[in-house]
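Everything below concerns the one structure shown next.
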């Protein structure tokens, strides 16, 4: 692998789901959940993927790890094309690509002990940890994620929500992955526990050199953990930049609206923000608007927005955004 | 303010029988809601905030749960001792509620316009035609686009945000004097959340009603609430005007919550979370329930449960249930 090859490279990814009629189960149309998404993540880097429901951010994650099949586009992991990989090779590569899910309880087998949950992966990949090292390695992993190593024989229901998420993290780390996909990994947790898990994820990143694809709807959380940020809307990335730039100078109207809608716990301490209230809801991905997909909710929309799909390209000399009328705005958050 | 509060909850106690034993979900909670005021009832899982609201509305799940102590005075009358018909009348007309999940609170087989209109037909004896006209008017007020076309749609034809608007329209139908909204935006996307909070604040202002916002999200209520009541393990741990409480927290739980929030601007700093997990109501520690997670905890906290007292040196009304509130205040600044 050349030195500068990104760890993960996603190019023009499309993932569609068939829409079937209730009666005859005939395919009556398609939902383009992911409609041409490209990004890359360097080794040890963190890309935050933000968007609301229906944006396709979770489908991107599921397509990368092979839970959904892509329709077109490419997914290169360490330069190797995943979409056409033979299953045997895919299993080997998947070792380095792990996922942490939103609901730790639903993603942990309730009938397995913590030790069984963690060692299951080693049974499948015997080269990672030899059997006689299982017990000490489990203890070390539990300690690393902040759980009591003496609790290895307990079952998931004996833990709190935050602790269960730590079990999910320990399981993801068991195979010493290079990339961990966190799909709303902290959104179901109480604020006080969420902060603990965010700190843990940051520590693990620096200790183990992990890269994250961090998917979340909470902008403050994404800002906190990401190097790069991509904003998704209806299956497309509408803006992408470094964390610093995206939050300081968002130029796509949707990013601006999202940022302006972030609840501020200390609104009195800063100059008043300009609220941008966008109307309506996200349109159905089964029937996206022509041209710019955001135009039905956009206060800047003109005829050209319906006619021409704006490309995600460098605008205003700042960073890529998919808007015909990209514009600087610095009144959204005080700095 | 000298006027009598619209809602006055005193020493409320609600217990639940579970397979593992009796749980005290609300343990002596007291707070007031004045006329025209917006109060945020804030807490994480197991804090008792939702059960408190259920007690006010008389919908504590039975037979597992029951109110075992305290009083809930609404406009001078105790809701806990009022005869059932009078209670129903009050709770139907004057106290309304909006829930987190509007789909489960709407009847899936009736058209939305008819469900809103039903409020006028049942409580005001309106004719079908009048009820329909008033439902339309309400749908417009809560910002449902093309309301006349949507009157005859069913709940599943509405998006999450629009359903929440329908729920708010139903809650407002009888011009309640008190609206209780339990996590009204938790299930919604952030841009839709902003719309709904804006709508609630506007309606509260127009109607002059009192609004109780139950939430786990410190940020969502900062702009709209006048006062905040923080709950932990069934007790009120801190209360006061929201800016005063957020900027000069006098309880370590509140400071811990603030330190747990990633900022949306300024430098990125390591979060300072609260240690440990949410309280186990079946196995609460002696004294202060928060003490296993608290950096200030000492022997006094184990021996004596702290009362909700005035925060030392802070303008009133600001109260905190912490033996070390003075130290918490001085440590932060």
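Taken together, the values in this text are just the output of simple stated rules run on the coordinates, not laboratory data. The structure presented is a predicted model; accordingly, all values stated were derived computationally and were not measured. When we count neighbours, we look across all protein chains shown, and the Cβ atoms used for this are built from the backbone with ideal geometry, even at glycine.
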Looking at the range B:184-196 only, could you name the residues that are surrounded by fewer than 23 Cβ atoms within 10 Å (Cβ to Cβ), touching a helix residue (DSSP H, G or I) at 6+ places or on another chain (Cβ under 8 Å) and under 19 Å from residue B:50 (Cα atoms)?
B:187
Kindly indicate whether residue A:317 is assigned to a loop (DSSP other than H, G, I, E, B), at the interface with another protein chain (Cβ under 9 Å from one of its Cβ atoms) and surrounded by fewer than 17 Cβ atoms within 10 Å (Cβ to Cβ).
no
Considering only the range A:124-136, state which residues are surrounded by fewer than 18 Cβ atoms within 10 Å (Cβ to Cβ) and over 24 Å from residue A:64 (Cβ atoms).
A:126, A:130, A:131, A:132, A:133, A:134, A:135, A:136
Index of the failed condition, residue A:189 passing every other in (1) part of a loop (DSSP other than H, G, I, E, B); (2) within 13 Å of chain B (Cβ to nearest Cβ); (3) in contact with a strand residue (DSSP E or B) (Cβ under 9 Å, 6 or more places away or on another chain); (4) surrounded by 22 or more Cβ atoms within 10 Å (Cβ to Cβ)
(3)
Check residue B:143 against each of (1) within 14 Å of another protein chain (Cβ to nearest Cβ); (2) surrounded by 21 or more Cβ atoms within 10 Å (Cβ to Cβ); (3) more than 27 Å from residue B:54 (Cα to Cα) and name the one condition it does not meet.
(2)
Quickly run through the range B:231-247 and pick out the residues that are within 12 Å of another protein chain (Cβ to nearest Cβ) and touching a helix residue (DSSP H, G or I) at 6+ places or on another chain (Cβ under 6 Å).
B:232, B:243
For residue A:284, state whether it is within 24 Å of the chain's Cα centre (by Cα) and either assigned to a strand (DSSP E or B) or farther than 17 Å from residue A:231 by Cβ (or both).
yes
Only one of (1) in contact (Cβ under 8 Å) with a residue 40 or more places away in the chain; (2) at positive phi does not apply to residue A:280, and that is (1)
Can you pull out the residues in the range A:102-119 that are part of a loop (DSSP other than H, G, I, E, B) and either out of contact with any helix residue (DSSP H, G or I) (no Cβ under 8 Å at 6 or more places or on another chain) or crowded, with 16+ Cβ neighbours inside 10 Å (or both)?
A:102, A:103, A:104, A:105, A:106, A:107, A:108, A:111, A:113
Residues located in the range A:203-228, provided they are within 13 Å of another protein chain (Cβ to nearest Cβ), in contact with a helix residue (DSSP H, G or I) (Cβ under 7 Å, 6 or more places away or on another chain) and either surrounded by fewer than 18 Cβ atoms within 10 Å (Cβ to Cβ) or in contact (Cβ under 8 Å) with a residue 60 or more places away in the chain (or both):
A:214, A:216, A:217, A:219, A:223, A:225, A:226, A:227
Considering the range A:15-45, residues that are part of a strand (DSSP E or B) and touching a helix residue (DSSP H, G or I) at 6+ places or on another chain (Cβ under 9 Å), and then whichever is surrounded by the fewest Cβ atoms within 10 Å (Cβ to Cβ), we arrive at A:17
Could we say that residue A:84 is over 30 Å from residue A:163 (Cα atoms) and buried (at least 17 other Cβ atoms within 10 Å of the Cβ) here?
no
Scanning the range A:299-311 for residues that are surrounded by fewer than 20 Cβ atoms within 10 Å (Cβ to Cβ) and in a loop (DSSP other than H, G, I, E, B) gives A:299, A:300, A:301, A:302, A:308, A:309, A:311
Determine, yes or no, whether residue A:238 is part of a loop (DSSP other than H, G, I, E, B) and under 21 Å from residue A:57 (Cα atoms).
no
Would you check which residues across the range B:13-31 are in a strand (DSSP E or B) and surrounded by fewer than 17 Cβ atoms within 10 Å (Cβ to Cβ) and list them?
B:17, B:18, B:21, B:22
If I go through the range B:275-299 residue by residue, how many of them are within 14 Å of chain A (Cβ to nearest Cβ) and on the phi > 0 side of the Ramachandran plot?
1
Considering only residues that are outside any loop (DSSP other than H, G, I, E, B) and either free of Cβ contacts under 8 Å to residues at least 12 places away in the same chain or closer than 20 Å to residue A:205 by Cα (or both), which ones fall in the range A:65-88?
A:77, A:81, A:87, A:88
Within the range B:62-179, helices (runs of 4 or more DSSP H) holding 1 or more residues that are within 30 Å of residue B:13 (Cβ to Cβ), under 25 Å from the mean Cα position of the chain (by Cα) and in contact (Cβ under 8 Å) with a residue 60 or more places away in the chain:
B:84-93, B:102-105, B:160-172
Picked from the range B:248-264 (must be at the interface with chain A (Cβ under 7 Å from one of its Cβ atoms) and more than 20 Å from the chain's Cα centre (by Cα)), the residue surrounded by the fewest Cβ atoms within 10 Å (Cβ to Cβ) is B:263
Please give the number of the condition residue A:155 fails out of (1) surrounded by fewer than 18 Cβ atoms within 10 Å (Cβ to Cβ); (2) touching a residue at least 40 places away in the same chain (Cβ under 8 Å); (3) within 19 Å of the chain's Cα centre (by Cα).
(3)
Please list, ordered by first then second residue, the pairs with beta carbon atoms under 7 Å, 6 or more apart or interchain, first in the range B:271-283 and assigned to a loop (DSSP other than H, G, I, E, B), second exposed (fewer than 15 other Cβ atoms within 10 Å of the Cβ).
B:282/B:20; B:282/B:21
Among (1) surrounded by fewer than 24 Cβ atoms within 10 Å (Cβ to Cβ); (2) closer than 17 Å to residue A:216 by Cβ; (3) more than 14 Å from chain B (Cβ to nearest Cβ), there is one condition residue A:168 misses while meeting the rest; what is its number?
(1)
Please go through the range B:289-324 and pick out each residue that is under 22 Å from residue B:24 (Cβ atoms), without any contact (Cβ under 8 Å) to a residue 24 or more places away in the chain and assigned to a loop (DSSP other than H, G, I, E, B).
B:297, B:304, B:305, B:306, B:307
Scan the range B:32-43 and give yes if some residue there is surrounded by fewer than 16 Cβ atoms within 10 Å (Cβ to Cβ) and either part of a strand (DSSP E or B) or within 13 Å of the chain's Cα centre (by Cα) (or both), otherwise no.
no
Test: residue B:199 is buried (at least 20 other Cβ atoms within 10 Å of the Cβ) and either more than 8 Å from every other protein chain (Cβ to nearest Cβ) or part of a strand (DSSP E or B) (or both):
no
Do we find a residue being under 23 Å from residue B:267 (Cβ atoms), at the interface with chain B (Cβ under 8 Å from one of its Cβ atoms) and in contact with a helix residue (DSSP H, G or I) (Cβ under 6 Å, 6 or more places away or on another chain) anywhere in the range A:268-291?
yes
